[in-house]
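The values are calculated or read from the model by the stated rules, or taken from the named source; none is laboratory data. Worth saying up front: this structure is predicted, and the values here are computed from it rather than measured. Cβ placement follows ideal geometry from the backbone for every residue including glycine, while neighbour counts extend to all protein chains displayed.
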Amino acid sequence: MKTPALLSPLLLLPMAAHSAVVASYNFNTAGNTEGWAASSLNVSGLDASGGTLNGTASSNDPQLKQSGLSLTVGSGETWDEIIFRVRETEDVDNNPATNDLAGTVTFNAVGLVVVLNNTGALTFNSGFSAVDSGDGYFTVSLDISSVAAATTITELRIDPIGGASINSNSQTQGNLFEVDSIQVTSVPEPSTTLLGGTLLLGLALRRRR
């Protein structure tokens, strides 16, 4: 019988932490905007239907806002990302009154802003990443790891579509947007994780003849 092999030091290294969902909005119930409002925020006709939050930009600065929140991360955790999935349909003459909608629009972050707690110190107007899903929707992510872990998010504002007037390729006014989902995530504290107890026991008892 041979002496059991020593446990590899690699098994004792901290395992990579995966993002945890702090808040999630999926708009799967017709008529339920799940607390998202657009009063006086340059959006008309806000509604939840077909599994999405839908609205029309009444100006080049449409905004969605969720207030009355109390989002926190646990001890040792950090803030991670805000992720939303959105599709934009163009109003070819930028006039909401005519409802002259054409095809979907490539995501454009010009003029896009995310604001936490209605404060300039927690305003993000750059750093957005967008992945094209191929069906007109784009998954947009924003790294918020710079936000202090002790921060409680009480209000969240998201401009769902960009393309402000300074961008000659896209005028947002009159365009329809569909938000499929919104998530806020955190990163749990890394922990030293051993492989399953059964595996360790098997290693310890392994015999070679």
Those residues of the stretch 56-68 that are farther than 17 Å from V113 by Cα and crowded, with 21+ Cβ neighbours inside 10 Å come to a total of 1
Flagged pairs (Cβ under 8 angstrom, 6 or more apart or on separate chains; first in the stretch 28-49, in contact (Cβ under 8 Å) with a residue 12 or more places away in the chain and farther than 17 Å from Q183 by Cα; second among the aliphatic types (A, V, I, L, M) and surrounded by fewer than 13 Cβ atoms within 10 Å (Cβ to Cβ)) are S49/A30
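Which residues, counting only those in the stretch 99-132, are β-branched (V, I, T) and free of Cβ contacts under 8 Å to residues at least 12 places away in the same chain?
The answer is T119, T123, V131.
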Checked the stretch 29-43 for anything surrounded by 13 or more Cβ atoms within 10 Å (Cβ to Cβ), closer than 23 Å to Q171 by Cβ and polar (S, T, N, Q); matches are N42
Of the listed residues (V92, V110, V105, V115), the one being farther than 18 Å from G55 by Cα, modelled with pLDDT under 85 and aliphatic (A, V, I, L, M) is V110
Given the conditions (1) part of a strand (DSSP E or B); (2) farther than 25 Å from S145 by Cα, every one holds for T106 apart from (1)
Taking the stretch 109-137 and the residues there that are part of a loop (DSSP other than H, G, I, E, B) and hydroxyl-bearing (S, T, Y), the one that is surrounded by the most Cβ atoms within 10 Å (Cβ to Cβ) would be S133
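With respect to A204, determine if the residue is loosely packed, with under 11 Cβ neighbours inside 10 Å, modelled with pLDDT of 95 or more and either small (G, A, S) or under 24 Å from L53 (Cα atoms) (or both). Give the derivation first.
Working: loosely packed, with under 11 Cβ neighbours inside 10 Å: yes; modelled with pLDDT of 95 or more: no; either small (G, A, S) or under 24 Å from L53 (Cα atoms) (or both): yes.
Spelling it out, it is not the case that A204 is loosely packed, with under 11 Cβ neighbours inside 10 Å, modelled with pLDDT of 95 or more and either small (G, A, S) or under 24 Å from L53 (Cα atoms) (or both).
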